[in-house]
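Here the structure is laid out as structure tokens; the discussion comes afterwards.
The values are calculated or read from the model by the stated rules, or taken from the named source; none is laboratory data. No experiment lies behind these values; they were computed from the predicted model shown. Cβ: placed from backbone, ideal geometry, glycine included. Neighbour counts: every protein chain shown.
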Amino acid sequence: MRNNEIKKILIIRTGAIGDVVHTTALFRAIKKSYPQIEIHYMTSELIKPLLIEDTDIEKVLTINPKFKMFSSYTKEIANILKQENYDAAINLQPSLKIRYLIYLAGIKKQTSYKKDFKIHAVTNFWKTGLKFFPEIKEEKELKLYLPKDAIEYAKEKTKDLKRPLITINAGGVMSKRQGRTYPVKKWVELGNKLQEKYNGTIILNGAIEDKEILSPLNTIKNSINYIGELSLINSCAVIGESDIMLSGDSGPLHIATALGVKSIGLYGSMNEKRTGCYSSGINIVSKKSCVPCNRRKCKYLKKSKEIYAPCMEEININTIVEKINLCL
């Protein structure tokens with residue numbers, strides 16, 4: 001199928017949050033070269049708010065990422081897609097059940113994403129679209145559009161806070177993938193150092209399941225704890241009001257870069273060349289010889305109570321402070 005035959009296309013990526021943010025460069029590149037093409041995007045209900053205000057997407061559809069391949073739900077979703085009469089689909093979720101869903105929907109042309117650890121995820125997603133659109137140029141920056149009410153909410157929340165606003169995203173501690181989170185005791189030490197130097201406000205960000213384990217962060221001087229307190233979209237908007245974001249490899253880190261917030265990513269097990277801050281931002285990479293391993297479980301964590309991988313423990317607080325000095 002030639003690209004001039006494509007009038008309407010479906011892009012699918014159900015998660016994770018950071019991955020969906022990385023896919024935005026693809027549909028933006030398509031729309032820039034082919035403004036007449038109608039682009040629909042299918043993702044999870046959780047992530048939908050990140051896309052509904054995007055002017056390069058005509059429609060956002062949702063699906064339960066945990067759907068069963070041969071179920072009545074799958075047929076129901078397929079029938080909804082069939083009514084849209086898509087000319088092609090770009091499957092950015094590398095799973096057999098998504099390919100089957102596209103087949104059931106009667107979309108005869110599809111191209112599927114294949115993970116390549118040698119290139120950045122943004123480039124990887126862009127290359128997936130080249131099958132249908134070989135002329136598109138890779139976008140050099142990520143960009144997200146948030147709802148006006150979320151932006152107003154965040155401005156109201158932060159208007160009286162002393163700047164600089166430094167957001168620490170310490171979440172993901174209990175994630176199945178280890179080697180991406182910085183130890184809470186080091187976050188506390190770092191936060192207090194930054195307060196001594198800048199005397200601003202530390203905004204604490206993280207997932208609700210990490211709230212208890214991250215409670216020591218409350219001891220950071222002049223900190224505000226929003227861990228598990230805000231909706232995804234309001235959390236994004238608060239991040240957008242920040243002067244700088246500090247985080248391990250995570251969805252909030254990539255959201256920050258897409259919102260134009262100065263960002264510093266801490267990298268252990270994950271390859272910063274693949275998932276590092278895209279275009280803008282600073283990546284601090286552990287010097288451990290095993291980095292990056294891309295393993296879900298760290299081979300050096302033997303005891304059940306051990307949760308912080310040695311590669312992340314190794315990252316020096318002073319190194320982070322030096323990088324922050326370049327941004328503030």
Matching entry among 47, 11, 102 (being touching a Phe, Trp or Tyr at 6+ places or on another chain (Cβ under 6 Å) and surrounded by 21 or more Cβ atoms within 10 Å (Cβ to Cβ)):
11
From the list 30, 39, exactly one residue is among the aliphatic types (A, V, I, L, M), in a helix (DSSP H, G or I) and within 27 Å of residue 274 (Cα to Cα). Which is it?
30
Based on this model, can you work out whether residue 181 counts as under 29 Å from residue 292 (Cα atoms) and touching a Cys at 6+ places or on another chain (Cβ under 7 Å)?
no
Residue that is surrounded by the fewest Cβ atoms within 10 Å (Cβ to Cβ) [pool: residues in region 68-87 that are of a type in the set (Phe, Trp, Tyr) and modelled with pLDDT of 95 or more]
73
Of the conditions (1) at pLDDT 95 or above; (2) over 14 Å from the mean Cα position of the chain (by Cα); (3) of a type outside the set (S, T, N, Q); (4) not in a loop (DSSP other than H, G, I, E, B), residue 245 fails just one. Which one is it?
(2)
Looking at 134, 183, 164, can you tell me which residue is more than 22 Å from residue 247 (Cβ to Cβ) and not charged (D, E, K, R)?
134
Here are 213, 233, 227, 255: which of them is more than 15 Å from residue 171 (Cα to Cα), of a type in the set (A, V, I, L, M) and assigned by TED's automatic domain parsing to the domain that holds residue 192?
233
Considering only residues that are under 18 Å from residue 239 (Cβ atoms) and outside any strand (DSSP E or B), which ones fall in region 164-189?
164, 170, 171, 172, 180, 181, 182, 187
I need the full set of residues from region 229-250 which are under 21 Å from residue 149 (Cβ atoms) and of a type outside the set (D, E, K, R), in order please.
230, 231, 232, 233, 234, 235, 236, 237, 238, 239, 240, 242
Which numbered condition residue 230 fails, given (1) part of a loop (DSSP other than H, G, I, E, B); (2) crowded, with 24+ Cβ neighbours inside 10 Å:
(2)
So residue 218, is it among the polar types (S, T, N, Q), in contact with a Leu (Cβ under 9 Å, 6 or more places away or on another chain) and surrounded by fewer than 18 Cβ atoms within 10 Å (Cβ to Cβ):
yes
Residue among 73, 34, 100 that alone is of a type in the set (Phe, Trp, Tyr), under 16 Å from residue 129 (Cα atoms) and not assigned by TED's automatic domain parsing to the domain that holds residue 176:
34
Can you tell me which residues in region 117-159 are among the acidic types (Asp, Glu) and touching a Lys or Arg at 6+ places or on another chain (Cβ under 8 Å)?
139
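Here's the yes/no breakdown for (1) in contact (Cβ under 8 Å) with a residue 12 or more places away in the chain; (2) within 22 Å of residue 20 (Cβ to Cβ); (3) exposed (fewer than 14 other Cβ atoms within 10 Å of the Cβ):
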site	(1), (2), (3)
261	yes, yes, no
272	yes, yes, no
282	yes, no, no
302	no, no, yes
314	yes, no, yes
Give 98, 102, 90 a once-over and let me know the one that is under 25 Å from the mean Cα position of the chain (by Cα), under 17 Å from residue 25 (Cα atoms) and either at pLDDT 95 or above or assigned to a loop (DSSP other than H, G, I, E, B) (or both).
90
